[in-house]
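> The structure under discussion is supplied below as structure tokens; questions concerning it will follow.
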Amino acid sequence: MLVLGIETSCDETAVALVEDGKRIRANVIASQAELHAHWGGVVPELAARHHLEAILPVIEKALDDAALSANQLDLIAVTAGPGLAGALLVGLNAARALSYAWDVPLIGINHLEAHVYANWLDDAGDESPSLPAVCLIVSGAHSDLALMDRDRAFSRLGRTLDDAAGEAFDKVARLLGLGFPGGPAIEKVAQGAGIAELPDLPRAWLEGSDDFSFSGLKTEMLKQVRSSNLTQQRVRDLASAFQESVADVLSAKAARAARRLDARSVLLAGGVAANRRLRDLLQQRSPVGLRVPPISLCTDNAAMVGAAAFYRWQDGDRATLALDIDPGLALGSRPAA
């Protein structure tokens with residue numbers, strides 16, 4: 001089954017062709033990172049405008065890269081939420097138009113679930129992950145802990161009560177003068193810092209809960225910056241301490257949930273999954289096998305949309321041309337068909 005996936009939930013215009021939910025035939029991404037770096041974060045109106053400019057060339061390039069034509073497609077899949085409304089509409093309208101023009105079935109995909117399905121792609125491993133699995137989905141807009149059961153249904157265990165982990169990385173990087181996006185910038189600066197020598201930063205454990213909170217940590221970082229002479233060494237120590245605090249809480253809570261729920265695997269997903277310290281801590285702490293996509297499949301991409309669509313189609317999900325966006329679509333919820 002050949003799926004054309006389209007992803008425009010934030011600032012990446014992405015199109016991919018995925019075969020049978022695993023094999024990537026093409027994976028094209030037009031990034032807007034340089035554009036939004038000037039503003040220190042994603043500007044929704046600019047993101048939507050640039051999606052409009054990029055969507056058709058990216059679709060054409062994906063088909064060319066895979067040496068495929070429209071009449072070979074079995075399904076068109078598009079992210080319907082969550083995400084920025086204007087950005088989502090560009091991808092959705094393109095998908096609906098192509099579905100109608102090419103007479104190819106359409107399906108709407110939950111962006112959060114698509115991140116998890118990046119672990120099913122061939123670049124992530126030869127065998128499919130074992131279920132039930134505890135899923136840690138961490139990105140610029142989301143920090144969710146969920147259980148994926150044997151029927152591939154998601155139930156949320158916990159979520160951030162304030163800032164998402166990726167959002168906190170971006171804001172702290174801005175405080176430290178490290179630029180945007182914040183995750184890679186902080187990880188790069190933090191390299192080489194000794195853990196034992198780092199400033200002691202707070203961790204919001206929220207005992208008895210699988211939820212997360214990073215606002216207190218962010219506030220403490222603001223205090224540290226305002227009271228410090230930000231030498232190169234001080235910036236490195238603060239960046240490393242912040243990264244350690246976030247990775248410590250995320251990995252500990254995911255490992256505890258896996259142990260408590262007798263999960264057979266832990267799946268890490270989302271842009272923050274590219275962080276090596278988080279990967280290492282979760283690998284050390286997880287009581288079961290850990291699956292993490294390659295870094296290229298952690299950030300927003302359309303291959304994960306194509307992978308999710310294959311399994312959702314098998315489970316009976318369908319959509320009509322009345323498919324609409326849902327910017328606040330929750331993990332475990334289906335787009336309105």
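> Whole percent per 10 Å bin, from 0 to the bin with the longest distance: what is P(r) over all C-alpha pairs of the stretch 1-41?
Here the calculated profile for the stretch 1-41 is 28, 40, 21, 10, 0.
> Report, in order of residue number, the helices in the chain meeting two criteria: a C-alpha extent of 20 Å or more along the helix axis, and a mean Kyte-Doolittle hydropathy of at least 0.5; treat each whole DSSP H run as one helix. Before the final figure, lay out each step's value.
Values: long enough: 44-66 (31 Å, 0.08); 85-102 (25 Å, 1.02); 232-260 (42 Å, -0.43).
Long hydrophobic helices here: 85-102.
> Roughly how many Å is it from the Cα centre of the stretch 3-76 to that of the stretch 229-243, as a whole number?
36 Å
> In whole percent, how big is the carbon plus sulfur part of the accessible area of the chain, probe 1.4 Å, protein atoms only? Intermediate values should be presented prior to the final figure.
Working: 6660 of 13740 Å².
The nonpolar share, carbon plus sulfur, comes to 48 percent.
> Follow-up question, since we're still on this one. For the peptides 290-303, 89-102, what is the packing order when you average, over each peptide's residues, the other Cβ atoms within 10 Å and list the highest mean first?
290-303, 89-102
> Something else: Specify, per residue and in Å³, the volume enclosed by the convex hull of the alpha carbon atoms belonging to the stretch 72-220. Don't skip to the answer; put the middle values down first.
Values: hull volume 27.0 nm³, N = 149.
Cα convex hull per residue, to the nearest whole number: 181 Å³.
> To continue, here is another question. With N residues in the chain, what two-decimal value do you get for its Cα radius of gyration over 2.2 N^0.38 Å?
0.98
> Same structure, new question: Please report the relative contact order for the chain, taking Cα pairs under 8 Å with a sequence separation of at least 6, and give it as a percent rounded to a whole number.
Values: 776 pairs, mean separation 85.1, N = 337.
For the chain, the relative contact order is 25 percent.
> Give, rounded to the nearest 20 debye, the magnitude of the charge dipole that the chain has about its Cα centre when Lys and Arg contribute +1 at Cβ and Asp and Glu contribute -1 at Cβ.
800 debye
> Please compute one quarter of the surface area of the Cα convex hull for the stretch 255-294 and express it in square nanometres.
2.6 nm²
> Report, as a whole number in µm² per second, the diffusion coefficient that Stokes-Einstein gives for the stretch 14-61 at 4 °C and 1.567 mPa s using the Kirkwood radius over alpha carbon pairs.
The diffusion coefficient I find is 107 µm²/s.
> Pairwise over distinct Cα atoms, reciprocal of the mean inverse distance: report the Kirkwood radius of the stretch 213-320 in Å, one decimal place. Walk me through the numbers before you get to the answer.
Numbers: mean 1/r = 0.0607 Å⁻¹.
With all distinct Cα pairs of the stretch 213-320 included, I get 16.5 Å.
> Work out the FRET efficiency for LYS223 and ARG256 from their Cβ-Cβ distance, taking R0 = 45 Å, and round it to the nearest 0.05.
That pair, LYS223 with ARG256, gives E of 0.95.
> Moving on to the next point. On alpha-carbon atoms, Rg over Rh for the stretch 264-337 using Kirkwood Rh?
Working: Rg = 15.4 Å, Rh = 14.6 Å.
Taking Rh as the inverse mean 1/r over Cα pairs, Rg/Rh reads 1.05.
> Let me ask something else about it. Give me the net charge of ALA336's neighbourhood, meaning all other residues with Cβ under 14 Å from the Cβ of ALA336; Lys, Arg count +1, Asp, Glu -1.
0
> What whole-number value in Å² describes the accessible area per residue of the stretch 113-219 for a 1.4 Å probe?
The answer is 42 Å² per residue.
> Using helices alone, what [θ] at 222 nm do you get for the chain, with -39,500 (n - 2.57) per DSSP H run of 4 or more residues, divided over all residues and rounded to the nearest 500?
Theoretical 222 nm ellipticity from helices: -13000 deg cm²/dmol.
> Hey, another quick one. Within 10 Å, count the other beta carbons around each residue, average over each peptide in 319-332, 198-211, and list them highest first.
Packing proxy ranking, top to bottom: 319-332, 198-211.
The values are calculated or read from the model by the stated rules, or taken from the named source; none is laboratory data. Remember, predicted model here, so these are calculated numbers, not experimental data. Positions of Cβ are generated from backbone atoms using ideal geometry, with glycine treated the same way; all protein chains shown enter the neighbour counts. Each accessible area value is taken on the protein alone, full model and side chains, heavy atoms only, with ligands, DNA and RNA left out. Shrake-Rupley method; radii C 1.70, N 1.55, O 1.52, S 1.80 Å.
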